[in-house]
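Peer 1: I am attaching a structure below and will ask some questions about it afterwards.
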Amino acid sequence: MYSASDLRKGLKIEIDGVPYEITEFSFMKPGKGQAIYTCRVKNMLTGGTYVKQYRSVDQIDEPKLEEKDMNFSYAEGDLYVFTDENYEEYRINVEVLGIRKFFLTDGIKVQVLFHNDKAIDVTLPFFIEKRIEWTEPGARGNTATNVQKPAKVEGGYELTVPLFVNQGDLIKIDTRTGDYVDRVLRK
Amino acid sequence: MDARERRTNLEVRSRVLQSIRRFFIERNFVEVETPVRIPAPAIETHIDAEPAGDWFLRTSPELHMKRLLADGLPRIFQMGPCFRRGERGDRHHPEYTMLEWYRANADYREILSDTRLLMNAVCDEVLGTRTIESGGRRIDVGGAWECLTVRDAFLLNAGWDVLKDFDADRFDLDLVNKVEPALPRDRPTVLMDYPAPQAALARVKASDPRVAERWELYAGGLELANAFGELTDPAEQRRRFLEAAELRRRAGRAVYPMDEKFLAALARGLPPCAGIALGVDRLVMLLTGAASIEQVMAFAE
């Protein structure tokens, strides 16, 4: 249990059995009145946010969260199989992964966040490299980065890339946003 | 905030401190210094004192200053550090600077007129104008101040009568969520005559015992000051301390010793008096437009 005075930005709390992260926090205390702690909380399962207020007498549940290092093993349908250091297998639904499913490669090291022993989030290395499988030919000599064109990388993920990126190029992708970051030049 | 902005804020702060001192000295107030480390802080339901050895750091110099009034000093002021445990936010810091002044044989309206004159003097000396402009806001300190009763402010903005069915929880939440955000931002605003259960150390109004002689000053969205027609009745004061102590005990919060020397001073005879506590850091925030109290402090560690 947390008391209201423990509340701060970044703290993870539990409301009605759902884990939330406090993304904004303000402390208010009118005149001779009681302290009021106003929090914007983000649902760690859905990403939705709302504002919740606590008073100094309130007790707040602490979520049982655990983060484990794991390696991606293989996928079977909508279930993605990861193994921990003891080679124990965990099956995680594709819904938890979202677009990150495209960035999993054999053996890639990830952190899996569990809430009450149920996987709720998977953190990949922030940047991964993928080869462009398909894109329209770019205008030669055009190095502008503000004009984008569609492209598809190995594994089927689609994104937009600058005009100068060509089929067969290796690019760097931010796994948190799914966005193109850079072209990787290999000698 | 960069180092240059902090330096500017500290220069403004220095001028504010000097201006406040000059204001009170010109009006024949005596500047006093009362102890910072004390055995018995005022027992208030929602104010927590920081322990210092077996004693505490003062949450306000109020009780000692009233003892000086009882000892025959009729006009006194003090500026200095106060400490409140667990209060930290954009407008709160566990250590902050409070200005308090008291007048014997005066009531809370005279304190309001002092406050108007003080705010005008500080604006004149520090800014050279009585219109504060910062971040697209304009606050006209020199013009008419908005003055409304707490009852009207709640009827208007929260839709209930605080003098009929008082509910402390609802009062605090609505004050923060509905009333304060609706107060005018273009001029200072005074909320007057708090419901008697929110009297704290104020006396109830003779003409209407449902309310206490207490007002609060807001400007630019900041709560700046709290003033009382002071309670001078020792029996009533003891009863309120005991009531707050019981609420604190039930809430599992520290219960402070009774300040018997203060109560004895009331019993010997405290003249009718009025006084006020004004947050100096917040006044500097108002004048500089600083978004957070830490931006007007030299160190906020």
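Peer 1: Between A:21, A:62, which is closer than 30 Å to residue B:94 by Cβ, away from every other protein chain (no Cβ under 14 Å) and buried (at least 17 other Cβ atoms within 10 Å of the Cβ)?
Peer 2: Only one candidate qualifies: A:21.
Peer 1: Could you please find all residues in segment B:250-268 being part of a helix (DSSP H, G or I) and modelled with pLDDT under 95?
Peer 2: B:250
Peer 1: Just to verify a result, which residue in segment A:28-63, among those that are out of contact with any Ser or Thr (no Cβ under 7 Å at 6 or more places or on another chain), closer than 23 Å to residue B:150 by Cα and part of a loop (DSSP other than H, G, I, E, B), is modelled with the lowest pLDDT?
Peer 2: For segment A:28-63, the residue satisfying everything is A:31.
Peer 1: Looking at residue B:30, is it touching a Gly at 6+ places or on another chain (Cβ under 8 Å), of a type in the set (Val, Ile, Thr) and touching a residue at least 40 places away in the same chain (Cβ under 8 Å)?
Peer 2: no
Peer 1: Okay, next question. Being assigned to a strand (DSSP E or B), within 24 Å of residue B:62 (Cα to Cα) and either within 14 Å of another protein chain (Cβ to nearest Cβ) or in contact (Cβ under 8 Å) with a residue 60 or more places away in the chain (or both) is the filter here; which residues of segment B:83-134 pass it?
Peer 2: Within segment B:83-134, B:96, B:97, B:98, B:99, B:100, B:101, B:102, B:103, B:104 qualify.
Peer 1: Within segment B:207-246, how many residues are touching a Ser or Thr at 6+ places or on another chain (Cβ under 8 Å) and assigned to a helix (DSSP H, G or I)?
Peer 2: 1
Peer 1: From the list B:267, B:212, B:202, pick out the single residue that is touching a Pro at 6+ places or on another chain (Cβ under 9 Å), within 13 Å of chain A (Cβ to nearest Cβ) and farther than 30 Å from residue B:136 by Cβ.
Peer 2: Matching residue, one of B:267, B:212, B:202: B:212.
Peer 1: Related question: Across segment A:29-47, what is the number of residues that are more than 14 Å from chain B (Cβ to nearest Cβ) and under 21 Å from residue B:228 (Cβ atoms)?
Peer 2: Residues flagged as more than 14 Å from chain B (Cβ to nearest Cβ) and under 21 Å from residue B:228 (Cβ atoms) within segment A:29-47 amount to 0.
Peer 1: With the requirement that a residue be part of a loop (DSSP other than H, G, I, E, B), touching a strand residue (DSSP E or B) at 6+ places or on another chain (Cβ under 8 Å) and closer than 23 Å to residue A:121 by Cβ, what does segment A:157-187 give you?
Peer 2: A:157, A:175, A:178, A:179
Peer 1: Separate question: Could you list, in sequence order, all residues of segment B:154-205 that are assigned to a loop (DSSP other than H, G, I, E, B) and β-branched (Val, Ile, Thr)?
Peer 2: B:162, the sole residue that qualifies.
Peer 1: So which residues in segment B:244-270 are among the small types (Gly, Ala, Ser) and surrounded by fewer than 18 Cβ atoms within 10 Å (Cβ to Cβ)?
Peer 2: Within segment B:244-270, B:251, B:252, B:254, B:264, B:267, B:269 qualify.
Peer 1: Can you name every residue in segment B:19-46 that is at pLDDT 95 or above and of a type in the set (Val, Ile, Thr)?
Peer 2: Result: B:20, B:25, B:30, B:32, B:34, B:36, B:38, B:43.
Peer 1: May I pose another question? Right, residue B:58: closer than 27 Å to residue A:7 by Cα, touching a residue at least 24 places away in the same chain (Cβ under 8 Å) and within 14 Å of another protein chain (Cβ to nearest Cβ) or not?
Peer 2: So residue B:58 fails the test.
Peer 1: Still on this model: If residue B:78 passes every condition in (1) closer than 30 Å to residue A:55 by Cα; (2) touching a strand residue (DSSP E or B) at 6+ places or on another chain (Cβ under 7 Å) but one, which one does it miss?
Peer 2: With respect to (1) closer than 30 Å to residue A:55 by Cα; (2) touching a strand residue (DSSP E or B) at 6+ places or on another chain (Cβ under 7 Å), residue B:78 is out only on (1).
Peer 1: Pull out all pairs, ordered by first then second residue, where Cβ-Cβ is under 7 Å, the residues are six or more apart or on different chains, the first lies in segment A:146-162 and is farther than 16 Å from residue A:131 by Cβ, and the second is aromatic (Phe, Trp, Tyr).
Peer 2: A:160/A:180
Peer 1: Only residues that are part of a loop (DSSP other than H, G, I, E, B) and in contact with a strand residue (DSSP E or B) (Cβ under 6 Å, 6 or more places away or on another chain): list them for segment B:60-71, please.
Peer 2: B:60, B:61
Peer 1: While we're here: Answer yes or no as to whether residue B:37 is basic (Lys, Arg) and within 27 Å of residue B:299 (Cβ to Cβ).
Peer 2: yes
Peer 1: Which residue, of A:72, A:25, A:82, A:114, is free of Cβ contacts under 8 Å to residues at least 60 places away in the same chain, closer than 30 Å to residue B:167 by Cα and part of a strand (DSSP E or B)?
Peer 2: Within the list A:72, A:25, A:82, A:114, the selection yields A:25.
Peer 1: Yes or no: segment B:166-186 includes at least one residue that is under 16 Å from residue B:275 (Cα atoms), in contact with a strand residue (DSSP E or B) (Cβ under 7 Å, 6 or more places away or on another chain), surrounded by 15 or more Cβ atoms within 10 Å (Cβ to Cβ) and away from chain A (no Cβ under 11 Å).
Peer 2: No: zero hits.
The values are calculated or read from the model by the stated rules, or taken from the named source; none is laboratory data. If you're wondering where the values come from, they're calculated on a predicted model, not measured in any experiment. For neighbour counting, all protein chains shown are included, and Cβ atoms are generated from backbone atoms with ideal geometry for every residue, glycine included.
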